[in-house]
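The values are calculated or read from the model by the stated rules, or taken from the named source; none is laboratory data. None of the values given here were measured: they were computed from a predicted structure. Cβ atoms come from the backbone with ideal geometry, glycine included; neighbour counts cover every protein chain shown.
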Amino acid sequence: MERVLELQALIASDDRRMRVLRIVRDLGLPDCWVAAGFVRNRVWDHAHRRASSPLPQDIDVIWFDPAACGAERDAALETALRDRDGTSAWSVKNQARMHARNGDRPYRSAVDAMRHWPETATAVAVRLAARGEIEVAAPLGLDDLFGLIVRPTRRFLGEKHAVYLDRIRSKNWERDWPGLKIETQG
C-alpha cells in the first residue's frame, strides 16, 4: 500500500500528467487507464532525483469493451484526444481485441491484458476517478518499478524472449536512467 500511495503522490505532483488524466477521464470509456511509460517514466525520474522528463512520445490509453473492438473506434478516440491536446501523441487500444495481435487467449479486462505485457515495470496504469482520486492498477506489483528493475514477464521469458530483448535494445532505457537493473535472463 505504501508504494501505491507514493505513486499516487508522484502522479498528483505532475501538472502535465494530471491534465492528461482529466482529458482521458472525460472520454468516459469503460475500464480505461493511462499506462506504461506515462507512469513508469515518472517513477524512474523521481528515483534518479531529477525533474519529471517530458511526457512519453506516445501516451498509452488502454480500455476494455468487447462490444467495440474495431480499430476504427480507437482511431476515432485518438482524433478526439488530439482535438483536446494536440501536443501529445496518443495511442489508444481497446484491450478486448489486442489478444489476437499478441497471440494470447482473450483478455478479461484492461488490467488482465497488462499481465501479458513484456516487462513488469511497464505493466502499471493510473486513472482519475470521478471524485479526483488517482487509482492505480499494477497486476504484477510495483516492486520492480520502484526497485528500478526491468524484468521480463513470464511469457517473455520463454517463447517471446527475443521480442523482450529487442525491446530492451531499442528502448535504450539505461541511457536515460543509468540506475536501472536490466535483466536479460530469467
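Residue by residue through region 108-120, note down the ones that are touching a residue at least 40 places away in the same chain (Cβ under 8 Å) and either under 22 Å from ARG25 (Cβ atoms) or part of a strand (DSSP E or B) (or both). Step through it out loud before you land on a result.
First pass over region 108-120, keeping only residues touching a residue at least 40 places away in the same chain (Cβ under 8 Å): 109-111, 113-114, 117-119.
The answer is SER109, ALA110, VAL111, ALA113, MET114, GLU119.
Quickly run through region 123-147 and pick out the residues that are out of contact with any helix residue (DSSP H, G or I) (no Cβ under 6 Å at 6 or more places or on another chain), more than 12 Å from PHE38 (Cβ to Cβ) and outside any loop (DSSP other than H, G, I, E, B). Full working, then the answer.
Start the filter on region 123-147 by keeping residues that are out of contact with any helix residue (DSSP H, G or I) (no Cβ under 6 Å at 6 or more places or on another chain), which leaves 125, 127, 129-133, 135, 138, 141, 143, 147.
Narrowing the set further to residues that are more than 12 Å from PHE38 (Cβ to Cβ) leaves 129-133, 135, 138, 141, 143, 147.
Scanning region 123-147 gives GLU135, ASP143.
Using beta carbons and a limit of 6 Å, which pairs, at least six apart or on different chains, have the first residue in region 37-53 and among the charged types (D, E, K, R) and the second one at pLDDT below 95?
Qualifying pairs under 6 Å: ARG42/SER52; ASP45/SER52; ASP45/SER53.
Pick from region 148-170 the residues that are among the basic types (Lys, Arg) and in a helix (DSSP H, G or I): which of them is nearest to ARG19 (Cα to Cα)?
That would be ARG167.
Could you list, in sequence order, all residues of region 135-186 that are among the aliphatic types (A, V, I, L, M) and touching a Leu at 6+ places or on another chain (Cβ under 9 Å)?
Once the filter is applied, which keeps residues that are among the aliphatic types (A, V, I, L, M) and touching a Leu at 6+ places or on another chain (Cβ under 9 Å), region 135-186 yields VAL136, ALA138, LEU142, LEU145, LEU148, ILE149, VAL150, LEU180.
When the residues of region 97-134 are filtered to those that are touching a Leu at 6+ places or on another chain (Cβ under 7 Å) and of a type in the set (Gly, Ala, Ser), which remaining residue is farthest from GLY147 (Cα to Cα)?
The extreme case among them is ALA123.
Looking at region 71-104 only, could you name the residues that are part of a loop (DSSP other than H, G, I, E, B), more than 25 Å from GLN185 (Cα to Cα) and either of a type in the set (A, V, I, L, M, F, W, C) or out of contact with any strand residue (DSSP E or B) (no Cβ under 8 Å at 6 or more places or on another chain) (or both)?
Selection gives ASP85, GLY86, THR87, ALA89.
Which residue pairs have Cβ atoms under 8 Å apart, sit 6 or more places apart or on different chains, and have a first residue in region 124-153 that is farther than 16 Å from TRP44 by Cβ and without any contact (Cβ under 8 Å) to a residue 40 or more places away in the chain and a second that is surrounded by 17 or more Cβ atoms within 10 Å (Cβ to Cβ) and among the acidic types (Asp, Glu)?
PRO139/ASP112; PRO152/GLU119; THR153/GLU119
Check CYS69 against each of (1) closer than 24 Å to ARG167 by Cβ; (2) without any contact (Cβ under 8 Å) to a residue 40 or more places away in the chain; (3) surrounded by 14 or more Cβ atoms within 10 Å (Cβ to Cβ) and name the one condition it does not meet.
Only one criterion is unmet by CYS69, namely (1).
What are the residues in region 1-32 that are in contact with an Asp or Glu (Cβ under 9 Å, 6 or more places away or on another chain) and within 16 Å of SER88 (Cα to Cα), if any?
Correct list: ARG19, VAL20, ILE23.
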